1. Heavy atoms only, probe 1.4 angstrom, no DNA, RNA or ligands counted: give me 103, 86, 24 ranked by accessible area, highest first.
2. Using the Cα centre of segment 7-74 as the reference point, and only Cβ charges (+1 on K/R, -1 on D/E), how large is the resulting charge dipole? Debye, rounded to the nearest 20.
3. Using only the alpha-carbon atoms, how far is helix 72-89 inclined from the longest principal axis of the chain? Give it as 0 to 90 degrees, nearest 10.
4. Mind sorting out which of [x] 14.9, 43; [y] 17.9, 51; [z] 13.4, 44 is the real Rg and Dmax of the Cα atoms in Å computed from the coordinates?
5. Ignoring ligands, DNA and RNA, how do 27, 74 rank by accessible area with a 1.4 Å probe, largest first?
6. What list of ³J(HN,Hα) couplings, whole Hz, do you get for segment 17-33 from phi and the Karplus terms 6.51, -1.76, 1.60, once you set θ to phi - 60° and write x for glycine and proline?
7. At a probe size of 1.4 Å, how large is the accessible area of residue 70, to the nearest 10 Å²?
8. Compute, for residue 20, the solvent-accessible surface of its heavy atoms (probe 1.4 Å) with the complete set of protein chains present, and express it in square angstrom to the nearest 10.
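The values are calculated or read from the model by the stated rules, or taken from the named source; none is laboratory data. These numbers come from a predicted model, not from an experiment. Quick reminder, even Gly has a Cβ in these numbers, built from the backbone with ideal geometry, and neighbours come from all protein chains shown. Areas reflect the complete protein model, heavy atoms only, side chains present, ligands, DNA and RNA absent. Shrake-Rupley method; radii C 1.70, N 1.55, O 1.52, S 1.80 Å.
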Amino acid sequence: RDNFWMEIAQVDVEPLAEWLRNNRDVWDNAVQEVSNAHIDERENNQAKFKPGIGSIHFIFSSHDGATTVKFPWWYSWQHVLDPLIRQVFGQHNSTHLMGHITRLQLA
């Protein structure tokens, strides 16, 4: 069981944590429906697998990954998220890297 996970990188989440502390309403579904996006019929899935946990979607894909959509908040949060992605995956070309990310969310 100890081999189930592998540490990839130590990540400084403080800029994201500060952003979240200063924007607490982002967890409100009503706020997301107006300024980000809302995925219909996800409430039952959320209640079943993550009861009591809110989520924020930035990138979402179809089940097979063939269709990927960047939500509006990806563009307004990119300055906070991109450095985290680079810390995890290294300093690769972010344009190339982003082509491989099919889901990006906070929960």
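1. Putting 103, 86, 24 in descending order of accessible area: 24, 103, 86.
2. It comes to approximately 100 debye.
3. Relative to the chain, helix 72-89 is tipped by roughly 30 degrees.
4. Among [x] 14.9, 43; [y] 17.9, 51; [z] 13.4, 44, the one calculated here is [x].
5. Sorted by accessible area, descending: 27, 74.
6. Going residue by residue, I get 4, 5, 4, 5, 4, 7, 9, 4, 6, 5, 7, 6, 4, 5, 5, 5, 4 Hz, with x marking Gly and Pro.
7. Residue 70 has an accessible surface of roughly 90 Å² with all protein chains in place.
8. Estimated to the nearest 10 Å², residue 20 gives 40 Å².
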